[in-house]
Amino acid sequence: MWWLPFVFTIARFGMAGLFVWTFFKNGGFWPVLIYLAGEATDVVDGWLARKLGTISELGARLDGLADTVMIVTVGLSLVIKGLWPIWLILPLTILGILFTITTDPMWAHYDPLRKPTGLLFFTSIFLTLCFPYESVMGWVVPGVTVGSMMLIGWRLGYVWNWGNSPETKF
């Protein structure tokens with residue numbers, strides 16, 4: 001059963017493509033459901049890896065990459081539909097790449113910035129998908145912009161301090 005967390009992580013890559021297809025073909029309920037299912041796989045894969053004792057560097061990196069692919073794919077879809085400005089993809093991509101390359105499987109679930117980052121992405125995308133109105137975007141876009149920039153700075157500072165700590169090796 002060591003492979004089970006990988007199944008959920010790999011499924012997220014497929015869900016990113018399925019999201020795009022349903023978002024542009026059908027819209028409505030299906031893209032929201034697929035996005036929520038993709039987020040659920042993110043929770044389940046980490047929980048399973050810890051429960052089964054199969055945490056690995058490969059798994060941690062694939063998880064971060066799957067998160068980045070899902071978020072950037074959904075973000076680009078929102079840009080193409082005219083719901084988000086194109087420049088908003090840059091901070092989301094930078095933050096996703098930072099998490100992918102700096103995730104260490106031994107401390108990933110203790111990382112104090114994972115929850116706020118996940119909450120920012122989940123909330124902003126969910127609000128955009130469920131309430132694609134100009135009045136809502138007037139709050140979502142600035143919130144994602146400021147939140148992403150703050151999290152990028154905090155992530156860089158956290159990794160810098162963690163990497164320079166005498167009891168850790170980075």
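Report, to the nearest whole %, how much of the accessible area of the chain belongs to carbon and sulfur atoms, 1.4 Å probe, protein only.
Roughly 74 percent of what the probe reaches on the chain is carbon or sulfur.
Between 0 and 90 degrees, the angle of helix 114-130 with respect to the longest Cα principal axis of the chain falls at about 10 degrees. Please determine, in degrees from 0 to 90 and to the nearest 10, the orientation of helix 57-80 with respect to the longest principal axis defined by the Cα atoms of the chain, where the helix direction is its Cα long axis. Helix 57-80 sits roughly 20 degrees off the main axis of the chain. Surface exposure of the stretch 1-143, expressed per residue as accessible area with a 1.4 Å probe, stands at 52 Å². For the stretch 4-17, backbone phi angles converted through the Karplus equation (6.51, -1.76, 1.60; θ = phi - 60°) give residue-by-residue couplings of 4, x, 4, 4, 5, 5, 5, 4, 5, 4, x, 5, 4, x Hz, Gly and Pro being listed as x. List residues of the stretch 9-36, by number, whose backbone nitrogen lies under 19 Å from a label position 7 Å along Cα→C-beta of Ser135. Hits in the stretch 9-36 for Ser135 at 19 Å: none. When its C-alpha radius of gyration is set against 2.2 N^0.38 Å (N residues), the chain gives a value of 1.05. Springs join every pair of Cα atoms under 10 Å in this Gaussian network model of the chain, and among Met137, Met15, Met70 the largest mean-square fluctuation is at Met137.
The values are calculated or read from the model by the stated rules, or taken from the named source; none is laboratory data. All values reported here derive from a predicted model rather than from experimental measurement. A quick note on method: Cβ atoms are made from the backbone with ideal geometry, for glycine too, and the neighbour counts reach across all protein chains shown. Ligands, DNA and RNA are excluded from the accessible area calculation, which covers all protein heavy atoms including side chains. Shrake-Rupley method; radii C 1.70, N 1.55, O 1.52, S 1.80 Å.
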